[in-house]
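*Asks:* So that we are looking at the same thing, I have put the structure below in structure tokens.
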Amino acid sequence: MDRIIITGGRPLRGVIPISGAKNSALKLMVASLLSSEPLTLDRMPRLADTRFTATLLESLGVAVDWPDAGATVRFHAREITSTIAPYDLVRKMRASFNVLGPMLARVGHATVSLPGGCAIGARPVDLHLKAFEAMGADIVIEQGYVKAAALRGLKGASIVFPFVSVGATEHAMLAAVLADGETTLENAAREPEIVDLANCLNAMGAKIEGAGGGAIVITGVTSLREARHMVVADRIEAGTYAIAAATTGGEVRLEGAVAQHLGALIQALRAAGVEVIPDADGIVVRRENGRLQPVDIDTQPFPGFPTDLQAQFMALMALADGTSIARENIFENRFMHAPELSRLGADITVRGKEAVVRGVAKLHGAPVMATDLRASVSLVIAGLAAEGETIINRVYHLDRGFERLEEKLVACGADVRRDGGSA
């Protein structure tokens, strides 16, 4: 099993190109199931999750043309040859459950395994299923599978989510574009990935209005056409490298990053004493002198502070001159990185949904274990700033969400390498 070895203490200086957003790309890929015409996606990130989703789509009949090392991928679901997504495929990644809605909308039925468990807490799919039932689908859960049918087609409906859910909003959109009539989604998620999905679906001929706001209106169409779309820049990757630059010092340009997607993080970084300069081509992050100032964060749905940057920001606050508090309001069990950061010398106390971080002057390298994707990269950030050598085990998590991570860091002066000697 691979591990990453970091010799810390080097400021990051250089340019990091930001890849397409994983969280958007996965939903754009399954959108190809909605049409018999091709969908071409540019700036596709090459990740374990996107490669896996391509394999799942191929099992359903989608022709996937993804040249080696290419960032442009063509999906063509001329005919859906299977409407069954088995447990062995769906269990590996929760986002794969989203093939249900497009197949239900296009061919009127689908059988998809319930997704497996998640290391950062339960993320149930009941809101997804209630949305489909509101659109007229009959749903039965048997032996761990969701069997959904709408043999006369889905119907437009008024859907009010009891709480904001990115996954349910996206999945309902994917199904509603081919429903008969108008569908309204109230209390919808506002994330940039929602807007990206709407833009792609509209390019395919869908009629979606209001994406990015709390109410989305979808007027169903009978079919979708061929389209080409560029995946939005990954705000979580951009935010991660921004925090890495702030933690280690130096100056990094995040090429292609969108400042409007990172407002809460930029505000927190500036409060910590980090210089953040947006321009037409990306964002420059600079920290040259002095200790960081402590900043409290509360994770919230967009435009609040992203839960997917909480672990990384905690690594930054571990070196602040004072005490900060991180409150996790989205997922339970999302402080599993705290004990591992403590192995590097961080002073962190977890109490329920809060983590109290008392800043220290220095971190020191040590062997640590990654527990999930965002926790993994928080350990990378801490290791980059720590004195001595940090060895991060179970880094396969990183390959799910960060494209060419070592290559991008090394290009900015980091001493990072991967080997296969992990226990």
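Values quoted throughout were computed directly from the atomic coordinates according to the rules given, and no laboratory measurement underlies them. Since the structure is predicted, the reported quantities are computational estimates derived from the model, not experimental observations. Neighbour counts are summed over all protein chains in view; Cβ atoms, including those assigned to glycine, are modelled from backbone coordinates with ideal geometry.
*Asks:* What is the percent of Cα-Cα separations in the stretch 1-131 that go past 18 Å?
*Replies:* Counting pairs separated by more than 18 Å, the tail of P(r) holds 59 percent.
*Asks:* List every residue whose amide H lies under 5 Å from the amide H of G388, counting only residues 5 or more places away in sequence or on a different chain, with H placed 1.01 Å from N in the peptide plane.
*Replies:* So G388 has HN proximity to G8, G365.
*Asks:* Another question, if that's okay. Alpha carbon centre of the stretch 310-363 versus the stretch 70-90: separation in Å?
*Replies:* When both Cα centres are located, 40 Å separates them.
*Asks:* Separate question: Under a point-charge model restricted to the Cβ atoms of Lys and Arg (+1) and Asp and Glu (-1), what is the dipole moment magnitude of the chain relative to its Cα centre, in debye to the nearest 20?
*Replies:* With Lys and Arg at +1 and Asp and Glu at -1, about 320 debye.
*Asks:* Tilt of helix 373-385 relative to the longest C-alpha principal axis of the chain, in degrees (0 to 90, nearest 10)?
*Replies:* Once rounded, the angle reads 20 degrees.
*Asks:* Measuring from a point 7 Å past the Cα of R291 along Cα-to-C-beta, which residues in the stretch 334-370 have an amide N at less than 15 Å?
*Replies:* 346-347, 357-363
*Asks:* Between D126 and K362, with labels modelled 7 Å along Cα→Cβ, what's the label distance in nm to one decimal, could you check?
*Replies:* According to this spin-label approximation, the distance is 5.2 nm.
*Asks:* Now for a different question. Calculate how many DSSP beta bridges within the chain are antiparallel, expressed in % of all such bridges and rounded to the nearest 5.
*Replies:* Antiparallel bridges: around 70 percent, rounded to the nearest 5.
*Asks:* From the cross-link list K130/K353; K147/K207; K353/K408; K92/K408; K27/K92, which pairs have alpha carbons spaced over 25 Å apart?
*Replies:* In this structure, K130/K353; K147/K207; K353/K408; K92/K408 lie more than 25 Å apart at Cα.
*Asks:* Okay, next question. Can you tell me how much longer the chain between D2 and A69 gets when fully stretched, taken as 0.36 nm per residue apart minus their C-alpha distance, in nm with one decimal?
*Replies:* Additional length available on full extension: 22.0 nm.
*Asks:* Sticking with this one: How many percent of DSSP beta bridges within the stretch 22-230 run antiparallel, rounded to 5?
*Replies:* 70 percent
*Asks:* A follow-up question, please. Quick one: helix 192-203 against the long Cα principal axis of the chain, what's the angle to the nearest 10°, folded into 0 to 90?
*Replies:* Result, in degrees: 40.
*Asks:* A further question follows. Would you work out the charge dipole size for the stretch 22-230 about its Cα centre, treating the Cβ of every Lys and Arg as +1 and the Cβ of every Asp and Glu as -1, and quote it to the nearest 20 debye?
*Replies:* 220 debye
*Asks:* From the residues V64, A206, T81, which one has its Cα farthest along the dipole of the stretch 22-230 in the positive direction, the dipole being from +1 and -1 charges on Cβ of Lys/Arg and Asp/Glu about the Cα centre?
*Replies:* Going by the charge dipole, the pick is V64.
*Asks:* Quick one: helix 166-176 against the long Cα principal axis of the chain, what's the angle to the nearest 10°, folded into 0 to 90?
*Replies:* Helix 166-176 sits roughly 20 degrees off the main axis of the chain.
*Asks:* Once you have the Cα-Cα distance between K147 and E58, take 0.36 nm times their residue separation minus that, and quote the gain in nm to one decimal.
*Replies:* Full-extension gain reported as 30.0 nm.
*Asks:* Loop only by DSSP, 16 or fewer other Cβ within 10 Å of the Cβ. Give me the trypsin sites (Lys or Arg not before Pro) in the stretch 150-210 that pass, ordered by residue number.
*Replies:* Listed in order of number, the matching sites are R152.
*Asks:* Taking the C-alpha atoms of the stretch 22-230, how large are the radius of gyration and the largest Cα-Cα span, Dmax, in Å?
*Replies:* Radius of gyration, then largest Cα-Cα span, for the stretch 22-230: 15.4, 43 Å.
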